[in-house]
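Reviewing the structure listed below.
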Amino acid sequence: MDYISTRNSSNSFKFEDVFIRGLAADGGLFIPKSLHKFSQKDLLEFKDLEYKELAKKIIYPFIGDFMSEQDLSKIIDQSYSVFRKKNVVDLVEIGDRSVLELFHGPTLAFKDIAMQLLGNFYEYYLNSKNEKINIVVATSGDTGAAAIDAIKGKKNVNIFVLHPNNRISSVQRKLMTTGKEKNVFNIAVEGSFDDCQNIVKAMFTDQAFANEIKMSGVNSINWARIIAQSVYYFYSYFLVEDNSEPINFSVPTGNFGDVYAGYLAKKIGLPINKFIVATNQNDILYRAIMNGLYNVENVLETISPSMDIQIASNFERLIFDLNDHSDEKTIDVMKSIREKGKYEIQKESLDKINVDFLSSRMDDNEVLDTIKTVYEKFDKVLDPHSAIGYGAFDKVNLKGNNIVIATAHPCKFPSAIEKAINIKAELPDELLFILDEKENYDIIDNDLNKIKQHIKERI
């Protein structure tokens, strides 16, 4: 399969380039030149597969030039052997909707599902190339921990994680900063997640720097993550007993990556009805999808910190689709966002968006109320992000089988849970040790050059 950049459709890339680079040199996001589509016959054959076997079927068409089916099979088996659930994820009923639990991996967040795979992809690549690379990643809380767990201790690769100082939960931070592996470096940036993400993007587009450090990235913009995440949409669809009814997904999201993975699943043949893009008070996606105005505002601190984002990086892929894969139009839109902080979506494009997407927003008080209601009615504890996804179906009335994407374990957000239901959400026994471990991270100003120098001194 060949790939192109959303900002330059004339050059073709193989999956290896896409995976290692993460972001195109022109600042665009990689996307397949064309997509295969699974048939109804394929879907019937997939229906009874275990998660690992299904993952092999979905992922291989995207990466076939990178490794053999046999090698992919081994890597998938290895990647998902560290999960607490045999089939990686779990679908549970809470009231009148299903909740897809994606937090049974080593760092208790949905990011593990893609990151464990990517970590082993890196190992496969580096063993075959005999070279060294440096991964630089921004995180709003969960990505960093998942990436570190996937990369720690691996040969010929370092990982530098940028997180916004004092803007993630203490458990999220400890999951990143208590490791002792020499190839892991944590940087707390005095700023927001968007600041961290902008710094990483600036490093990628500085070709001299990126080449000097042999830079790679595992943020949600890495296409390998998108295809890995699309698998659980297929898997949960097959778990629903009555597929004759429309199937809708509510996805708590800040950067559009997780919901875009579902959109990809739909584009390659999965008959999904609607996606609800569920946001917190940082509601740029809500405003874009419901009102047609994508305008960047100040980032608000909330009890759902992984969604405290105002620049939805993966939205560029949808913009590319809306503009009939025109790189020129996409460049114009992204320039408008960069220079003016806004993009007015034309009615024709907005109508296209609303075929697949609706949106809902919740403030902190509504999130706390949802956590409390679900606990009192069903004796289930939701983390603040998953609560936003759950509550979205109360705001957006969709008939059919409604599935909530549950992105993280509630123990990662103890203060919010305690505030909502006066219960202390405990870490699983195997992770309790992090609470007493010494943390290791450097606090650095929101300054691109300072962070570049910091990285260069440690490779």
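The values are calculated or read from the model by the stated rules, or taken from the named source; none is laboratory data. From a predicted model like this one, the values you see are computed outputs, not experimental measurements. Glycine also receives a Cβ, built like all others from the backbone with ideal geometry; neighbour counts cover every protein chain displayed.
Tabulated values for the structure
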{"item": "A150 closer than 21 Å to L108 by Cβ, buried (at least 24 other Cβ atoms within 10 Å of the Cβ), of a type outside the set (S, T, Y) and touching a Lys or Arg at 6+ places or on another chain (Cβ under 7 Å)", "result": "no"}
{"item": "Boolean, N166 is more than 30 Å from E437 (Cα to Cα) and of a type in the set (S, T, N, Q)", "result": "no"}
{"item": "Failed item in (1) at pLDDT 95 or above; (2) basic (K, R); (3) closer than 23 Å to G141 by Cα, with K274 passing the rest", "result": "(3)"}
{"item": "Candidates V251, V277, V259 - the one that is buried (at least 24 other Cβ atoms within 10 Å of the Cβ) and out of contact with any Ser or Thr (no Cβ under 7 Å at 6 or more places or on another chain)", "result": "V251"}
{"item": "Residue satisfying condition, being under 17 Å from A114 (Cα atoms) and under 20 Å from the mean Cα position of the chain (by Cα), within set A24, A55", "result": "A55"}
{"item": "Residue in segment 177-190 that is within 21 Å of the chain's Cα centre (by Cα), in a loop (DSSP other than H, G, I, E, B) and not basic (K, R) present", "result": "no"}
{"item": "Residue in segment 345-352 that is outside any helix (DSSP H, G or I) and touching a residue at least 12 places away in the same chain (Cβ under 8 Å) present", "result": "yes"}
{"item": "Segment 282-305 - residue that is under 22 Å from A109 (Cβ atoms) and out of contact with any strand residue (DSSP E or B) (no Cβ under 7 Å at 6 or more places or on another chain) and, of those, surrounded by the most Cβ atoms within 10 Å (Cβ to Cβ)", "result": "S304"}
{"item": "Segment 92-104 residues that are over 13 Å from A387 (Cβ atoms), paired with ones that are part of a loop (DSSP other than H, G, I, E, B) and aromatic (F, W, Y) (beta carbon under 7 Å, 6 or more apart)", "result": "L102/F110; F103/F110; H104/F83"}
{"item": "Answer residue from segment 114-147, given it is without any contact (Cβ under 8 Å) to a residue 40 or more places away in the chain and aliphatic (A, V, I, L, M) and is nearest to Q453 (Cα to Cα) among those", "result": "A145"}
{"item": "Filter pass, I227 being within 26 Å of S5 (Cα to Cα), in contact (Cβ under 8 Å) with a residue 40 or more places away in the chain and within 18 Å of the chain's Cα centre (by Cα)", "result": "yes"}
{"item": "Residue in segment 266-280 that is over 16 Å from G22 (Cα atoms), in contact with a Pro (Cβ under 9 Å, 6 or more places away or on another chain) and among the basic types (K, R) present", "result": "yes"}
{"item": "Helices (runs of 4 or more DSSP H) lying entirely in segment 223-313 (those with 3 or more residues that are of a type in the set (S, T, Y))", "result": "223-239"}
{"item": "For K41: the one exception among (1) more than 15 Å from I331 (Cβ to Cβ); (2) surrounded by fewer than 17 Cβ atoms within 10 Å (Cβ to Cβ); (3) more than 22 Å from the chain's Cα centre (by Cα); (4) in contact (Cβ under 8 Å) with a residue 40 or more places away in the chain", "result": "(4)"}
{"item": "Some residue of segment 63-71 being under 20 Å from the mean Cα position of the chain (by Cα) and on the phi > 0 side of the Ramachandran plot", "result": "no"}
{"item": "Hey, E418 exposed (fewer than 12 other Cβ atoms within 10 Å of the Cβ), without any contact (Cβ under 8 Å) to a residue 40 or more places away in the chain and either not basic (K, R) or not in a helix (DSSP H, G or I) (or both) or not", "result": "no"}
{"item": "Whichever residue in segment 153-176 is of a type in the set (S, T, N, Q) and under 20 Å from the mean Cα position of the chain (by Cα) and, among such residues, is surrounded by the fewest Cβ atoms within 10 Å (Cβ to Cβ)", "result": "S169"}
